[in-house]
Amino acid sequence: MSCPSPRPSKTLRFGVGIAAAAVLTAVPAYRAVASAADGTTASDGALDRPVSPFDDGRPALDRLDPALLAAVRQAARDARRDGVELQVNSGWRSPRHQQHLLDEAVAEHGSDEARRQVLPPDRSSHVTGRAVDIGPVEADRWLQRHGPAYGLCQVYANEIWHFELRTAPGGSCPPRLPDASAG
Ligand SMILES: [Zn+2]
């Protein structure tokens, strides 16, 4: 996992996540999008805004597991037919970027809560290119319902935006873990 909680101002900045923030204790990944201020750059996988899964030339997407990126793109094409636009808030992250996110979460929430939100670089599936954070909330809802057709599964109950390839296309997703600390 890996998805830090946002400060309200940054959540607002992207115009998303408000509903999720209201219902979830650990808030969305959108802050990861805005974290370039911590010194990380695009080459670390930092994104300054949500991006289309079809954008090329971004390490956050280019360094994803190709099978994962292909699944997300196929899902995005099909979601569009349902009037839902899938966007990527975070994808591949360098160990440095992941560590920054963890440090921020610890500073903000203390280490116990941070562990439920952000994994260290050596355990994060974002660092291995095997996780994506998807938004906005209606896209998350669409993927919760249709993701298994592409092998895409919500892994953590407290992160409706975090998806990984966890089943064969058309298969059944494994039970969700309560949060990243359970993985
Ligand atoms: Zn994530």
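The values are calculated or read from the model by the stated rules, or taken from the named source; none is laboratory data. Remember, predicted model here, so these are calculated numbers, not experimental data. Because the Cβ atoms are built from the backbone with ideal geometry, glycine has one as well, and the counts that use them run over all protein chains shown. Accessible surface is based on the protein model in full, side chains and every heavy atom, while ligands, DNA and RNA are left aside. Shrake-Rupley method; radii C 1.70, N 1.55, O 1.52, S 1.80 Å.
Observations on the model:
- Filtered by the rule that a residue be open to solvent by 70 Å² or more (accessible area, probe 1.4 Å) and under 15 Å from Phe54 (Cα atoms), the range 72-102 gives Gln74, Arg77, Arg80, Glu85.
- Each residue in the range 146-160 was checked for being of a type in the set (Gly, Ala, Ser) and open to solvent by 30 Å² or more (accessible area, probe 1.4 Å), and 2 of them qualify.
- Enumeration of residues in the range 161-183 that are within 16 Å of the ligand (Cβ to nearest atom), surrounded by fewer than 22 Cβ atoms within 10 Å (Cβ to Cβ) and not in a strand (DSSP E or B): Arg166, Cys173, Arg176, Pro178, Asp179, Ser181, Ala182, Gly183
- Some residue of the range 127-138 being β-branched (Val, Ile, Thr) and open to solvent by 60 Å² or more (accessible area, probe 1.4 Å): yes
- Segments classed as helices (runs of 4 or more DSSP H), wholly inside the range 62-152, with at least 1 members that are polar (S, T, N, Q) and within 16 Å of the ligand (Cβ to nearest atom): 95-109, 111-117, 137-146
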